[in-house]
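Everything below concerns the one structure shown next.
The values are calculated or read from the model by the stated rules, or taken from the named source; none is laboratory data. Just so you know, these numbers come straight off a predicted model, no measurement behind them. Here the Cβ positions follow ideal geometry from the backbone for every residue, glycine too, while neighbour counts run over all protein chains shown. Note: areas computed on protein heavy atoms with side chains; ligands, DNA, RNA excluded. Shrake-Rupley method; radii C 1.70, N 1.55, O 1.52, S 1.80 Å.
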Amino acid sequence: MATYAIGDLQGCLAPLQRLLEEVRFDPNQDRLWFTGDLVNRGPASLEVLRFVKSLGQTAVTVLGNHDLHLLMVARGVERMHRQDTLQPVLRAPDREELLDWLRRRPLIHAEGKTVLVHAGLLPQWSIPQALALGREVERALVEDLDGLCRHLYGNQPDRWDERLTGYDRLRVVVNAMTRLRVVTRDGRMEFSHKGTPEEAPSGCVPWYAVPERRSRDHFIVCGHWAAQGLRLTEHLAALDTGCVWGGKLTAFRLEDRRVFQVPCGESAGAGRSRSPAPRHGRDRSE
């Protein structure tokens, strides 16, 4: 039995199928962890959703910013963007079943000392605290989806404060877990940076590089940061290797930390420029 963590798919089914062949995935014995962003920009978002959903308990996936963007568009509170490839999902006969399944995925998942999250964690959060905060958002996605959709977008507040309540509190949690790349050393989130860690704005560092980060006693698996590429350290596996942009799709076997990759040059996003900077902090499909 093995568990394979797999980086951002973004609607790229063919590379996933090749990768599963490469690792000789056995659904009767093995498990898959997906870092989120199952959908969007690639050619097969509908097929990816159907496939991952069909895996049942064999697969764990956390929500990414593109997954949330799909939910927002489906609820009519956010417009489609030029590069979105979500129409097949929205027109599918099983649309509501798929969207209901998606809204019930966690923001963060942990087993023992290993944690799965799409983007990152604020340095102030321990893993038990992050799991509890994730559950607050997960309840809202099920019990208050329309309200959450109407109040989810925006970059403020840009730092954690335990006194936050309501949608401000939920927004900070969602922004950190699905959009975070760099922070100031006191934990302020900077959302404009999409380049490499070395190109981070002055005063900012990758979220995982804050020395006093309270989650550093766990091994964290994440995606989201394609410009960073594959990054493996003692406490981190960052697996977004830009499949939809013509890069590679990466799997990381948790048991022995072995890496498997397949090329993705034929994906729909290959050769495209990346999406423009978010306007007024509202573009969650960045």
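Only protein heavy atoms count here; on that basis, with a 1.4 Å probe, Lys194 has an accessible area of about 50 Å². Hydrophobic long helices, here whole DSSP H runs in the chain with Kyte-Doolittle means of at least 1.0 and Cα atoms spread over 18 Å or more along the helix axis, are not found.
By a 1.4 Å probe calculation restricted to protein chains, Val52 has an accessible surface near 0 Å², given to the nearest 10. For a label point 7 Å from the Cα of Arg139 along Cα→C-beta, name the residues of the stretch 85-111 whose backbone N is under 15 Å from it. Residues 107 fall inside that zone.
Extension gain for Glu212 to Asn28 (0.36 nm times residue separation, less C-alpha to C-alpha distance): 62.2 nm. Across every direction, the projection of the convex hull enclosing the Cα atoms of the stretch 2-263 has a mean area of 13.0 nm². Among the cysteines of the chain, those whose beta-carbon sits 4.7 Å or more from every other cysteine beta-carbon are Cys12, Cys149, Cys204, Cys222.
When Asp26, Asp217, Asp8 are compared by accessible surface with a 1.4 Å probe, the order from highest to lowest is Asp217, Asp26, Asp8. Taking amide H atoms as placed 1.01 Å from N in the peptide plane, the amide H of Arg31 lies under 5 Å from those of Ala2, Thr3, Tyr4, each 5 or more residues away in sequence or on another chain.
Given a 1.4 Å probe and the protein chains as shown, Thr241 ends up with an accessible area of around 20 Å².
A cut-off of 5 Å between modelled amide H atoms, ignoring neighbours fewer than 5 places along the same chain, links His235 with no other residue. Determine the percent antiparallel among the DSSP beta bridges restricted to the chain, to the nearest 5. Looking only at bridges with both residues in the chain, the antiparallel portion is about 60 percent. Put Asp256, Asp161, Asp84 in order of accessible area, highest first, and with a 1.4 Å probe you get Asp256, Asp161, Asp84. Averaged over its residues, the stretch 2-263 has an accessible area of 39 Å² per residue, based on protein heavy atoms and a 1.4 Å probe. How large a share of the accessible area of the chain, in percent, is made up of carbon and sulfur atoms when the probe is 1.4 Å and the other protein chains stay in place? Result for the chain: 47 percent of the exposed heavy-atom area is carbon or sulfur. Taken over the Cα atoms of the stretch 8-128, the convex hull encloses 128 Å³ per residue.
The slack in the chain from Glu96 to Thr58, taken as 0.36 nm per residue of separation less the alpha-carbon distance, amounts to 11.5 nm.
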